């Protein structure tokens, strides 16, 4: 009986603690969903105040959180314009024209980014200019012809993700940089990106909610480290295999120079 008594107390403590541990896990997952919804819908990470305010509301699936952002944008023309401008900057590496800004409405950041990537795929000369802007920003030089060819062999990327890939390649290959080669890779800690680290389960929710589910075997993609959830990022490897979503950082700007 004494032995049973000795075992009973730790067991009781574990049982009493279990709900709080479960609650903390659920709370952490919900904060991931909230933060990811801001990146998907607005192209930025939320402030601590925004996380706190949204966390006080009823917990919702990622898709419903994104839908809430969409409704709020439809009722706020200034916020909608800010998202349009942000998506243009992240996609092209330059400010959008007034004509483009007026023509885009009714979409969240991810919608706009996917639309811009399709446009760049149809306009290779413009995409080459985006690649050039990315090299001038990160390396303060023009892209070599072999590097232009390298990126043309890859799926089209946004300016923001090109910058993230070039920055990671340069970091790994200094000193003695030659020309960009290898598998495009991005770090969750890139200074050029605003990122939200995700659990695998929440990352899967993000893919579905944003329409970013890659073709092919998801398990193979994960095993290869292709765990960045962002428009156009299906073939990008995440450093360390970390799951995360990303948009351009607030400070992401194109370097001046020839267009």
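For 69, 123, what's the fewest-to-most ordering of other Cβ within 10 Å of each Cβ?
Exposure proxy ranking, most exposed first: 123, 69.
Calculate, for residue 171 and residue 250, the FRET efficiency according to 1/(1 + (r/R0)^6) with r their C-beta to C-beta distance and R0 22 Å; round to the nearest 0.05.
The pair residue 171/residue 250 has a calculated efficiency of 0.55.
For a Förster distance of 45 Å, can you work out the FRET efficiency between the beta-carbons of residue 140 and residue 63, rounded to the nearest 0.05?
Once rounded, the FRET efficiency stands at 0.60.
May I ask you to sort 150, 109 by Cβ crowding, counting other Cβ atoms within 10 Å and putting the fewest first?
Arranged by neighbour count, lowest to highest, 150, 109 become 150, 109.
Once R0 is set to 30 Å, what does the formula 1/(1 + (r/R0)^6) return for the Cβ-Cβ distance between residue 55 and residue 208, expressed as a FRET efficiency to the nearest 0.05?
E(calc), rounded to 0.05, equals 0.85.
Classify segment 131-190 as rounded, prolate or oblate from the Cα gyration tensor: take a ≥ b ≥ c as the square roots of its eigenvalues, call it rounded if a/c is under 1.5, otherwise prolate when a/b beats b/c and oblate if not.
Note, shape of segment 131-190 comes out rounded.
Rank-order 27-40, 124-137 by packing density, defined as the average count of other C-beta atoms within 10 Å over each peptide's residues, highest first.
27-40, 124-137
So between residue 82 and residue 123, what do we pick up on full extension, going 0.36 nm a residue minus the alpha carbon distance?
12.3 nm
Since every read-out is calculated from the coordinates, none of them should be taken as a lab result. Nothing here was measured: the structure is a model prediction, and the numbers come from that model. Positions of Cβ are backbone-derived with ideal geometry, glycine not excepted, and every protein chain shown enters the neighbour counts.
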